[in-house]
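Okay, so here's the structure we're looking at.
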Amino acid sequence: MAADSVLLVDDDDGIRTSLRFALEDQGYRVREATDGETALERIREQSPDVVVLDLMLPGMDGFECCRQLRRLSDIPVLIVSARADSHDVVAGLEAGADDYIRKPFDVPELAARLRALRRRLRLAPEQRREIGGGDITISPDSGEVRVRGQVVHLTKTEFHLLYELISHPGRVFTREMLLERVWDYGYFGDTRIVDVHVGRLRAKIEEDTANPRRLVTVRGFGYKFEP
Amino acid sequence: MSPLPWRSSRLSLSLRITASFGVGALAVAAAVAVSSYLFTARFLIHQQERSALHQAYVSAAIVRERLRAPHPDLPNILDGLTPGPVTQTVIYASQRWYSSSLLVSRDGLPAAARAATLNGSVVRTWTRIGGDEQLMVGVPLPEVDADYFQVVNQSSLARTLAVLRNVLLAAAAATAAAGAALGWWVGRRLTAPLRAVAAAAQRVALGNFETELPAERDAELTGLVDSFNTMVAALRHRLQRDARFAADVSHELRSPLTTLSTSLSVLRNRREELSPRSREALDLVTQELGRFERLVEDLLEISRADVQTDLTDAEPVRVCQLILNLLERDEYAAVTAEFDSEALDAIVLGDKRRLEQVIRNLLDNANAYAGATATITAQATEATVSIYIDDKGPGVPVEDRERIFERFTRGRGATRRGSSAGTGLGLALVREHVRLHRGRVWVTEAPAGGARFAIELARAAR
């Protein structure tokens, strides 16, 4: 099996070069792009396995690049931000990114994030049957989700999150539990990642996102799926 | 917080205005009451005297006519004269005294006035008979060698005057009270802009630089309001500029730091290829870069705290649960925590990231000065939850217990262990974060010796 390929999108030569070395050390094949337009082109032509996207790019910024990229592909996107304090992170996640990492980062941490994004649902054969709740059915085999009979397109991360919730209907998951199960964070991730993804899922499967009936918030605890 | 310094002066100003209005109203009301009383009393007395005199002349004329008749029957004359129960008549004729009532007799008449009448003068005088005010009129009747005396009981006039006096006194008191109330209201109105300025200044002092006074229509106050708002805006701009600069510096440092740390990790992957001397140098660079990164993060964090006065996105946090989650990290393996169910249930409204940093910084601090074995306990009351982090180190001397929360202060002496020097901002950040949560943090002595860092946070309503 060929090594996973990473597309690095960053306009800073130093970061790109050092990161290429580091990721190649980790066994990745690394492609590079210095701006958003080139990045979209590379995704179209080379379909990398995962994208590491800096939010501060010349020309088309990272948010816009992420939005356009999502129309092409459900490839996992890890955004890199120098401003983790601001609303950039949430905006980047809302633009369609799966996870974020803050500059400066540890290479082992980055590698762990990339591994988590590449990880697929590991399911025993008996778990691969179609499951559902209410008017939603998901089939882990094909990755297909039907809401009220309609096929809905989810990214891998959204699918994974929905699978965790729907396979334990009524059970309350804390944000930390979901971070651990879906993103492989050992309890210490930014829970805004979960919130943004739940919001995105609601937009795709709820009839009324302002009054969600399936993905319910449990105040002070987390989320649960109501069949 | 010290008592608000403007409060006492505001009260005294308001009080002074209230008192002046009250005293002024009382003075005016009293003057009006006294003059009304005197005027009315004089008028009424004059009326009574005139009518008594008139009645006396009329009656005296009748008596004179009757006495001219042969063999006058005096008791009969007296009976015919007495017009009502308030008027009594006494007649002196043929060396004898006749009286219309037992209540009034010769001896009841005031002696001086009686003598004057007997000597031929018309007399009008006030006297007291039987406990009542009486008006006596004496008319000599020389033609028939007699004297006519009339006594009119004036107790109803006295009662009228007493009622009038009481009514006027009550009106004066009510006027004074109304004046004081008006003064209080005027005082409040007058000092309202001052109080608004003082309250706004207080908010600014507490760090809310978004404070702005509403525009004033009053020309005398516009100047005050304008300069206050200008001052706050200047202060805000300056703080924001300083904070933005620190934030920008930190952001700008992040890209080169990323390149540095990534390149270092590439080097560390090839550690075996390096000479021992190069490895040592690599370790030094790695260690110092780590410290540099933490310093940049802390600087950014504290510059953020400088411009922030409120948690913008507070959420319900089970703070003890958060601590337990945190302690699952390997680096805190030697830290023990014991919470009762009440504490575990306690929810505070807060920012998880900041609360985590508070606990981590306190644990790192304990680790640096006292070794990794800290103990965390908590106590929840109705309104608060307190977290205690006890270490087994030498403790913090009383004189340093405030100072250690200041920026870039280090513990006294070379007690800090190991090479992982802190950034000097850890405890300052703890204080800033706790302040943002409207909580308190302080250091004291742990029951088992060592230092106890205590945090008190308000519990969210259930």
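Rounded to the nearest 0.05, what FRET efficiency is calculated for B:LEU224 and B:ALA314 with R0 set to 30 Å and r the Cβ-Cβ distance? Step by step, r from the Cβ atoms, then E = 0.30.
For B:THR384, the residues 5 or more places off, or on other chains, whose built amide H falls under 5 Å of its own are B:ARG459.
Of the trypsin sites (Lys or Arg not before Pro) in region B:262-322, the ones in a loop by DSSP (not H, G, I, E or B) with at most 15 other beta carbons within 10 Å are B:ARG270.
Looking at region B:107-217, the pairs of alpha carbons with a distance over 24 Å make up 63% of the total.
Taken one residue at a time, the phi angles of region A:53-67 give Karplus couplings (6.51, -1.76, 1.60, θ = phi - 60°) of 10, 7, 7, 9, 10, x, x, 5, 7, x, 5, 5, 4, 5, 4 Hz. Gly and Pro are set to x.
Which residues of region A:198-227 end up with at least 50 Å² less accessible area in the presence of all protein chains than when their chain stands alone, using a 1.4 Å probe? At a threshold of 50 Å² (probe 1.4 Å), the residues of region A:198-227 that become less exposed are A:ARG219, A:GLY220.
Spatially, region B:258-314 and region A:1-72 are offset by 24 Å when compared through their Cα centroids.
Relative contact order, percent, of region B:206-309 when contacts are C-alpha pairs under 8 Å separated by at least 6 residues? Each step should come with its number before you reach the end.
Numbers: 50 pairs, mean separation 39.4, N = 104.
Relative contact order of region B:206-309: 38 percent.
For peptide A:12-21, what's the mean number of Cβ atoms from other chains within 10 Å of each residue's Cβ?
Numbers: counts 4, 1, 7, 9, 2, 4, 10, 6, 2, 7.
Averaged over the peptide's residues, the number is 5.
A compact globular protein would have a Cα radius of gyration near 2.2 N^0.38 Å; the ratio found for chain A is 1.02. Histogrammed with a bin width of 5 Å, the alpha carbon distances of region B:51-171 distribute as 2, 11, 23, 23, 17, 9, 6, 4, 3, 2, 1, 0, 0 percent, first bin at zero. When a 1.4 Å probe is rolled over the protein heavy atoms, the share of accessible surface on region A:125-225 that falls to carbon and sulfur comes to 46 percent. Once all protein chains are placed together, B:VAL34 keeps about 90 Å² accessible to a 1.4 angstrom probe. For region B:55-60, putting each phi into the Karplus relation 6.51 cos²θ - 1.76 cosθ + 1.60 with θ = phi - 60° gives couplings of 4, 5, 4, 4, 5, 4 Hz, in residue order, rounded to whole numbers and with x for Gly and Pro.
Note that region B:439-452 has calculated 3J(HN,Hα) couplings of x, 10, 9, 8, 10, 8, 9, 6, x, 9, x, x, 9, 10 Hz, one per residue in order, obtained from phi through the Karplus relation 6.51 cos²θ - 1.76 cosθ + 1.60 (θ = phi - 60°); glycine and proline are x. Over all pairs of different C-alpha atoms in the protein assembly as shown, the reciprocal of the mean inverse distance, the Kirkwood hydrodynamic radius, equals 34.4 Å. Relative to its residue count, region B:315-458 spans a Cα convex hull of 103 Å³ per residue.
When chains B and A come together, the accessible area they lose, probed at 1.4 Å and totalled over both chains, is close to 2400 Å². Annotation: amide H-H contacts under 5 Å for B:GLU133 (H modelled 1.01 Å from N, sequence separation of 5 or more, or interchain): B:GLN154, B:SER155. Under 5 Å from the amide H of B:SER101 lie the amide H atoms of B:THR89, each residue being 5 or more positions distant or on a separate chain, with H modelled from the backbone and absent for Pro and chain starts. Measuring nothing but how far apart in sequence close Cα pairs (under 8 Å, 6+ apart) lie, relative to its length, chain B scores a relative contact order of 12 percent.
The charge dipole of the protein assembly as shown, taken about its Cα centre with unit charges on the Cβ atoms of Lys, Arg (+1), Asp and Glu (-1) only, comes to about 2260 debye.
For chain B, the longest stretch holding no GluC sites (Glu not before Pro) located in a DSSP loop with at most 15 other Cβ atoms within 10 Å is which? Intermediate results must be reported in sequence, preceding the final value.
Working: sites that count: B:GLU210, B:GLU212, B:GLU216, B:GLU328, B:GLU382, B:GLU402, B:GLU406.
Between the exposed loop sites, the longest stretch runs B:1-209.
The values are calculated or read from the model by the stated rules, or taken from the named source; none is laboratory data. Predicted, not measured: the structure shown is a model, and the values here were computed from it. A quick note on method: Cβ atoms are made from the backbone with ideal geometry, for glycine too, and the neighbour counts reach across all protein chains shown. Side chains included, ligands, DNA and RNA excluded: accessible areas come from the protein's heavy atoms. Shrake-Rupley method; radii C 1.70, N 1.55, O 1.52, S 1.80 Å.
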